[in-house]
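The values are calculated or read from the model by the stated rules, or taken from the named source; none is laboratory data. Computed from a prediction, not measured in an experiment: that's the story for all the values here. With ideal geometry, Cβ positions are generated from the backbone for all residues, glycine too; neighbour counts draw on all protein chains shown.
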């Protein structure tokens, strides 16, 4: 994990426009960094299953008024996308054995191109696909032919550094309230989560007026966190970075350096270990969240100088930042289940398909697969597409056995190729 003066560690390497790169070279950081706290030996840790509580229903008033969509932005994909199918958080598992371990099979195809610093992919049960753009504050709809249109521009977003329009999440309507799209973004004085009613149908999606869910999450030029997702328990989870104040990550009463858990309307969720929003603490800058078939929660986290982390999340647990980085073997803290050098990862989005975790790497310019998630066997990781597609920001399950992921070469740290940034897809097959 890094000191506050440093960024996400996402410096780009120059490449010839339009060329895919077939090999990877170590790169230096954007700025020299000192290692604030040396670490001790690596050690293994036992997997602890996260306790989940029952689903809480939240009633709220529907919001009036829609944000006026901006004009359509058309771009031509190299391969038209298939028809999306619903992709929702898993229900309470009923399987009798672990799901299959999967891996990419075949070539990568382009679903859409022309995205501007995309951050989060949201696939809707209706078949619609939305992508957040960090610096434009636009929520962009990806149409069936691969063209793009702006579904809405979120008001109040103040982009800067690593901040802007970040994570997206979706909550189904229940007959008493509309379906909502949630977003985490950087505002003038804080990071915050809002929700907006989803309007229209695929091809003409829109978002209504925003309603605050949680405000006052500390902001900074870097370490803003920003990933949000509904868990299998029906509560909303959010990753909040330390916002340059590393000491706050060790304070369970601070919103910085945490994984937060709340009701859909923004109250601390019942059963939270400290009676507030904190679900786990001691995080530096987590940007990936996912749940496996057994209901366990996983998170990907940016390290500082030495180790990037994959953590299995236990409620109330302390993951050590800023006192430790990577696998320390310190009984006061929970070690990551897997770690990589900072040149290999800079991890952001995380998805679980079958019994495999897929992790998008920025500086590492690759997609990591990690398996098995639930069988109890030792974890192993495999890099895919190293140096071929540039920086990768988010990944999600696609339709019909596909995996979808987005590049991030237009965010100021990469070197864009023609058509960047792109939404990609690849088929998955059992190992």
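Picking from 392, 357, 403, 423, which residue would you name as being surrounded by 23 or more Cβ atoms within 10 Å (Cβ to Cβ) and either free of Cβ contacts under 8 Å to residues at least 60 places away in the same chain or on the phi > 0 side of the Ramachandran plot (or both)? It would help to see each step written out before you state the result.
Details: 357 fails: either free of Cβ contacts under 8 Å to residues at least 60 places away in the same chain or on the phi > 0 side of the Ramachandran plot (or both); 403 fails: either free of Cβ contacts under 8 Å to residues at least 60 places away in the same chain or on the phi > 0 side of the Ramachandran plot (or both); 423 fails: either free of Cβ contacts under 8 Å to residues at least 60 places away in the same chain or on the phi > 0 side of the Ramachandran plot (or both).
So the residue among 392, 357, 403, 423 that is surrounded by 23 or more Cβ atoms within 10 Å (Cβ to Cβ) and either free of Cβ contacts under 8 Å to residues at least 60 places away in the same chain or on the phi > 0 side of the Ramachandran plot (or both) is 392.
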* Unmet requirement for residue 248, which otherwise passes all of (1) without any contact (Cβ under 8 Å) to a residue 40 or more places away in the chain; (2) under 17 Å from residue 268 (Cα atoms); (3) not in a strand (DSSP E or B) -> (2)
* Qualifying positions in region 372-386 - surrounded by 14 or more Cβ atoms within 10 Å (Cβ to Cβ) and either without any contact (Cβ under 8 Å) to a residue 12 or more places away in the chain or in contact with a strand residue (DSSP E or B) (Cβ under 7 Å, 6 or more places away or on another chain) (or both) -> 373, 379, 381, 382, 383, 384, 385, 386
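Checking the conditions here, which among 201, 188, 229, 238 is assigned to a loop (DSSP other than H, G, I, E, B) and closer than 25 Å to residue 411 by Cα? Reasoning before the result, please.
Numbers: 201 fails: closer than 25 Å to residue 411 by Cα; 229 fails: assigned to a loop (DSSP other than H, G, I, E, B); 238 fails: assigned to a loop (DSSP other than H, G, I, E, B).
Exactly one of 201, 188, 229, 238 is assigned to a loop (DSSP other than H, G, I, E, B) and closer than 25 Å to residue 411 by Cα, namely 188.
Go through 369, 348, 375 for me and flag whichever is at pLDDT below 95 and either outside any strand (DSSP E or B) or under 18 Å from the mean Cα position of the chain (by Cα) (or both). Walk me through how you get there before you give the answer.
Numbers: 369 fails: at pLDDT below 95; 348 fails: at pLDDT below 95.
The conditions single out 375.
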* Asked: Which of (1) surrounded by 22 or more Cβ atoms within 10 Å (Cβ to Cβ); (2) within 19 Å of residue 298 (Cβ to Cβ) does residue 365 not meet, given it meets every other one?
  -> (2)
* Asked: So is residue 309 at pLDDT 95 or above and farther than 25 Å from residue 254 by Cβ or not?
  -> no
* Asked: Given the structure, is residue 289 buried (at least 20 other Cβ atoms within 10 Å of the Cβ), in contact (Cβ under 8 Å) with a residue 12 or more places away in the chain and assigned to a strand (DSSP E or B)?
  -> yes
* In region 247-259, which residues are within 21 Å of the chain's Cα centre (by Cα) and surrounded by fewer than 24 Cβ atoms within 10 Å (Cβ to Cβ)? -> 255
* Keeping to region 135-158, report how many residues are on the phi > 0 side of the Ramachandran plot and surrounded by fewer than 18 Cβ atoms within 10 Å (Cβ to Cβ). => 1
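Each row is one residue, and each column tells you yes or no for (1) over 22 Å from residue 117 (Cα atoms); (2) touching a strand residue (DSSP E or B) at 6+ places or on another chain (Cβ under 7 Å).
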{"site": "143", "(1), (2)": "no, yes"}
{"site": "172", "(1), (2)": "yes, no"}
{"site": "180", "(1), (2)": "yes, yes"}
{"site": "187", "(1), (2)": "no, no"}
{"site": "217", "(1), (2)": "yes, yes"}
{"site": "222", "(1), (2)": "no, no"}
{"site": "225", "(1), (2)": "no, yes"}
